[in-house]
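Comments concern the structure below.
The values are calculated or read from the model by the stated rules, or taken from the named source; none is laboratory data. Bear in mind the structure is a predicted one, so any value in this text is a computation, not a measurement. Cβ: placed from backbone, ideal geometry, glycine included. Neighbour counts: every protein chain shown.
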Amino acid sequence: MSNCQLYLITPPAIADLSGFCQQLEQVLAAAKGTPAEIACLQIRLKDAADEDVLEAARKILPLAHNYECAVLINDRPDLAAQAGADGVHIGQSDMDYAQARALLGADASIGVTCHNSRHLAMEAGEAGADYVAFGAFYPTSTKDVTHQADPEILTAWSQMTTVPCVAIGGVTPENARPLIDAGADFLAVSGSIWNHPAGAVAAIEAFAEVLADTSAM
């Protein structure tokens, strides 16, 4: 029985914020009440100016919250605090977990990139991280892949601990099933949604089919 959910990540750049928000609302509405309901949205705009990230957060936060979707900001606990986001996702080269927690407080959601390392994940989990992210599992055009992960790490992690795990890296409706079966609590998706040839809503519908199949097992 799978309770795996989608963890949506923005495109790496947003040229038209108003247009993106319209598209995002369509995606959140299409996902609501389906097996592909979106639990979390990460604003990941690595090359954007701080003010552009904050402006995106100002527009996206109320929209996502209307659909009971949490909003995290990538890499920057300081911007997450300024924006009033629900939390932050930090990589191994960003502000460390303890500093991020001190800045954002006990109620914030803080996730940590752990690549393909159970050791890094154990450190994050023991420190109090709300989730750990493993990957990349598949080739992806969204980011440079320097660490390759095997689905086995999801199984081992889910057997060791109750800290949720996110599977990231090139996840599509066609290749998601092994990750769900291995024990992923969340599937991080970006390009497979925003770049789907039939549109983002069609991508959500395709993920809903896969997640419904695994839930029924």
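The sole residue among SER18, SER2 that is over 28 Å from TYR97 (Cα atoms) and at pLDDT below 95 is SER2. From the list GLY105, GLY111, GLY169, the one residue that fits, being free of Cβ contacts under 8 Å to residues at least 40 places away in the same chain, surrounded by 21 or more Cβ atoms within 10 Å (Cβ to Cβ) and under 24 Å from CYS69 (Cα atoms), is GLY169. Cβ-Cβ contacts under 7 Å between residues 6 or more apart (or on different chains), taken from a first residue in region 144-166 that is closer than 16 Å to ALA124 by Cα to a second residue that is surrounded by 13 or more Cβ atoms within 10 Å (Cβ to Cβ) and hydroxyl-bearing (Ser, Thr, Tyr), are listed as VAL163/TYR131; PRO164/TYR131; CYS165/TYR131; CYS165/SER158; VAL166/TYR7; VAL166/TYR131. Sub-6 Å Cβ pairs linking a first residue in region 173-196 that is closer than 19 Å to HIS115 by Cα and crowded, with 23+ Cβ neighbours inside 10 Å to a second residue that is at pLDDT below 95 and not hydrophobic (A, V, I, L, M, F, W, C), at least 6 apart or interchain, are ILE180/SER2; ILE180/THR214; SER190/THR142, ordered by first then second residue.
Which of the residues spanning region 118-162 are β-branched (Val, Ile, Thr) and either closer than 26 Å to PRO11 by Cβ or crowded, with 20+ Cβ neighbours inside 10 Å (or both)? Within region 118-162, VAL132, THR140, THR142, VAL145, THR146, ILE153 qualify.
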